[in-house]
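Visitor: Below is a structure I'd like to ask you about.
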Amino acid sequence: MKNILGIGAGYVGGPTMAMIAKKCPEYRVVVVDINPQRIVAWNSDQLPIYEPGLLELVQSARGKNLFFSTDIPKHIAEADIIFVSVNTPTKTFGLGAGKAADLQYWEKTAREIVKYSKTPKIIVEKSTVPVQTALAMQRILDANEAGIHFDVLSNPEFLAEGTAIRDLEYPDRVLIGSHETESGLKARDVLVNLYANWVPREKILATNVWSSEMSKLAANAFLAQRISSINSLTPFCEITGANIEEVGKAIGMDSRIGHYFLKPSVGFGGSCFKKDILNLVYLCEYHGLKEVATYWEQVVLMNEYQRTRFTRRILSAMFNTVAGKRIALFGFAFKANTGDTRESSAIRIAQELWQEHAKVVITDPKALDNARIDLKDILADIVLEPDPYQAARGSHAIAIITEWDEYRTLDYAKLYQSMEKPAFIFDGRNILKHRALYDIGFNVYPLGKPPLIHFGK
Ligand SMILES: NC(=O)c1ccc[n+]([C@@H]2O[C@H](COP(=O)([O-])OP(=O)(O)OC[C@H]3O[C@@H](n4cnc5c(N)ncnc54)[C@H](O)[C@@H]3O)[C@@H](O)[C@H]2O)c1
């Protein structure tokens, strides 16, 4: 039996390795991490991350050909193929701080691979990294004194949190970048054959390494750009009476544009979009491409604008003061069906409302533990409440931040009864029935549509 090792048991490493184990019973798959609590959680039924279908997937393979461990040296030594899925956050210090990728975890991993390897291996770069990182990895690996041969492949992960299991099982494409040397192509074939266990061959795309690395950054930049593009039109619609949903539908029916990612929101979050665009911006600046860098940076700036605009709209609608007013944020995760709050717009919105001396109450079905960490500096003034009905009780306003399905079907008449009057709803995801809410008595502020308000009649 051949051995696969996954280094990094996070949102990518855990689900990806579990899927490989399930689909490739001829391989023994081990996942390691430097964080022992994470490994304990992966070995329990309280997994460290929430993802629909993940627990069932892990349970189907764990203990058979899927194992979670902290013994990194042992499993590096035994592995034939190593997938590296460690974090590559934005650098917070030194040159490129705030934009460039922080590659310290990744480089540490490369050095550990060198240290503990005794046999040749295929190293698969799954983390999202700057273009030409594989070259750096190859150089570190080739510097080993034992003369062990390593082949580095780029195989970026395109899964989206909330739909990770479906994305892994039925990917739009699997991208494999390899060096065009004899051993590089041989390594590529090993990975192609691995994925071919469940992915149709025509969806497995082979490219050179740099195209593969670039494509991951470009895909995230394009996706985020669509969100910023539709969000950029929301203030315009609110002023003019155009309806952003009608506009989104009308442009999305153009087959050249397509309908995905044209929903307005409080801004994109998640650990990847902002980080990967800023990484692209940094690379452009590094190569002297100032105009290109400015072009992509604007996608991030528009996102910041959309978040702050949401808070400002709450403030101006509520008579320019929220001081002492209870405001219930419905949702804290950066999107539905995940507990992940990294870069969630909710963090900024909660902080801005707190700065205005609002009494912020936060409810979320999966993300309150993370909210507690994200808001640790202001936690004494914030209420975390799992039950949305309790969160709304005594509030002046509800603000929908995350598009959880359960928020679509709450009893809004009941919520209204328990709130201070006049009661406001700010729908940061446009998931509610605005006219019906208005008829209940709410003053309703959708995104990209004129508000429905009871004053001035
Ligand atoms: N989260 C997503 O939706 C997503 C999607 C596609 C790609 N990616 C990319 O995948 C990579 C991982 O993202 P994530 O969200 O899974 O991050 P994460 O922070 O959830 O997981 C990374 C894990 O790596 C571990 N780690 C760090 N250094 C290590 C080392 N030297 N040895 C062993 N373990 C180590 C950390 O402890 C952590 O558990 C990033 O490059 C990210 O950009 C993420």
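The values are calculated or read from the model by the stated rules, or taken from the named source; none is laboratory data. None of the values given here were measured: they were computed from a predicted structure. Virtual Cβ from ideal backbone geometry, glycine too; neighbours counted across all protein chains shown.
Visitor: Can you tell me which residue is nearest to GLY270 (Cα to Cα) among those in segment 37-59 that are charged (D, E, K, R) and in contact (Cβ under 8 Å) with a residue 12 or more places away in the chain?
Guide: Ranking the qualifying residues of segment 37-59, first place goes to GLU51.
Visitor: Moving to a separate point now. If you check every pair at least six apart or on different chains, which have Cβ atoms under 7 Å apart with a residue in segment 74-101 that is in the same structural domain as PHE150 (by TED's automatic domain parsing) and at pLDDT 95 or above first and a residue that is polar (S, T, N, Q) and more than 10 Å from the ligand (Cβ to nearest atom) second?
Guide: Matching pairs, first to second residue: HIS75/SER69; ILE76/SER117; ALA77/SER117; GLU78/ASN3; ALA79/ASN3; ASP80/ASN3.
Visitor: Let me ask something else. Consider segment 1-18. How many of its residues are part of a helix (DSSP H, G or I) and either among the charged types (D, E, K, R) or in contact with a helix residue (DSSP H, G or I) (Cβ under 8 Å, 6 or more places away or on another chain) (or both)?
Guide: 4
Visitor: Here's a follow-up. Considering only segment 123-154, state which residues are among the charged types (D, E, K, R) and either touching a Phe, Trp or Tyr at 6+ places or on another chain (Cβ under 9 Å) or part of a strand (DSSP E or B) (or both).
Guide: Of everything in segment 123-154, those that are among the charged types (D, E, K, R) and either touching a Phe, Trp or Tyr at 6+ places or on another chain (Cβ under 9 Å) or part of a strand (DSSP E or B) (or both) turn out to be GLU125, LYS126, ASP142, ASP151.
Visitor: Do you know which residues across segment 134-154 are crowded, with 22+ Cβ neighbours inside 10 Å and in contact with a Lys or Arg (Cβ under 7 Å, 6 or more places away or on another chain)?
Guide: LEU153
Visitor: Here's a follow-up. Please work out which residue is surrounded by the most Cβ atoms within 10 Å (Cβ to Cβ), limiting yourself to segment 155-169 and to residues that are near the ligand (Cβ under 10 Å from one of its atoms) and over 21 Å from SER344 (Cα atoms).
Guide: It comes out as PRO156.
Visitor: Tell me the residue from LEU194, LEU159, LEU175 that is in the same structural domain as PRO52 (by TED's automatic domain parsing) and assigned to a strand (DSSP E or B), please.
Guide: Being in the same structural domain as PRO52 (by TED's automatic domain parsing) and assigned to a strand (DSSP E or B) holds for just one of LEU194, LEU159, LEU175, which is LEU175.
Visitor: Among the numbered criteria (1) away from the ligand (no atom under 14 Å from the Cβ); (2) in a strand (DSSP E or B); (3) of a type outside the set (Ser, Thr, Tyr); (4) closer than 22 Å to TYR170 by Cα, which single criterion is violated by ALA21?
Guide: (2)
Visitor: Follow-up. If you scan segment 319-352, which residues turn out to be touching a helix residue (DSSP H, G or I) at 6+ places or on another chain (Cβ under 7 Å), buried (at least 23 other Cβ atoms within 10 Å of the Cβ) and over 18 Å from TYR50 (Cβ atoms)?
Guide: Hits for segment 319-352 are VAL322, ILE327, ALA328, LEU329, SER345, ILE349.
Visitor: For segment 1-18, how many residues meet the condition of being surrounded by fewer than 22 Cβ atoms within 10 Å (Cβ to Cβ) and either more than 9 Å from the ligand (Cβ to nearest atom) or of a type in the set (Phe, Trp, Tyr) (or both)?
Guide: Total meeting the criteria: 3.
Visitor: For LYS64, indicate whether it is part of a loop (DSSP other than H, G, I, E, B) and either closer than 20 Å to PRO89 by Cα or away from the ligand (no atom under 13 Å from the Cβ) (or both).
Guide: It is true that LYS64 is part of a loop (DSSP other than H, G, I, E, B) and either closer than 20 Å to PRO89 by Cα or away from the ligand (no atom under 13 Å from the Cβ) (or both).
Visitor: Among the residues of segment 82-98, write down those that are in a loop (DSSP other than H, G, I, E, B), in contact with a Lys or Arg (Cβ under 7 Å, 6 or more places away or on another chain) and under 21 Å from GLU157 (Cβ atoms).
Guide: Of everything in segment 82-98, those that are in a loop (DSSP other than H, G, I, E, B), in contact with a Lys or Arg (Cβ under 7 Å, 6 or more places away or on another chain) and under 21 Å from GLU157 (Cβ atoms) turn out to be SER85, PRO89.
Visitor: Still on this structure, please answer the following. What number of residues within segment 276-305 are in contact with a Phe, Trp or Tyr (Cβ under 9 Å, 6 or more places away or on another chain) and more than 16 Å from the ligand (Cβ to nearest atom)? Working first, answer last.
Guide: Residues of segment 276-305 in contact with a Phe, Trp or Tyr (Cβ under 9 Å, 6 or more places away or on another chain): 277-278, 280-281, 284, 293, 299-300, 303.
Next, only the ones that are more than 16 Å from the ligand (Cβ to nearest atom) stay: 284, 293, 299, 303.
Of the residues in segment 276-305, 4 are in contact with a Phe, Trp or Tyr (Cβ under 9 Å, 6 or more places away or on another chain) and more than 16 Å from the ligand (Cβ to nearest atom).
Visitor: Within segment 24-60, which residues are aliphatic (A, V, I, L, M), near the ligand (Cβ under 10 Å from one of its atoms) and not in a loop (DSSP other than H, G, I, E, B)?
Guide: Result: VAL31, VAL32, ILE39.
Visitor: Across segment 28-66, which residue is nearest to the chain's Cα centre (by Cα) among those that are of a type in the set (Ser, Thr, Tyr) and farther than 13 Å from ALA18 by Cβ? Before you say what the answer is, go through the steps one by one.
Guide: First pass over segment 28-66, keeping only residues of a type in the set (Ser, Thr, Tyr): 44, 50, 60.
Still in the list and also farther than 13 Å from ALA18 by Cβ: 44, 50.
Working: SER44: 24, TYR50: 13 Å.
Ranking the qualifying residues of segment 28-66, first place goes to TYR50.
Visitor: If I ask for residues that are touching a residue at least 12 places away in the same chain (Cβ under 8 Å) and more than 11 Å from VAL152 (Cα to Cα), which ones from segment 176-190 would you list?
Guide: Across segment 176-190, the qualifying residues are GLU180, LYS186, VAL190.
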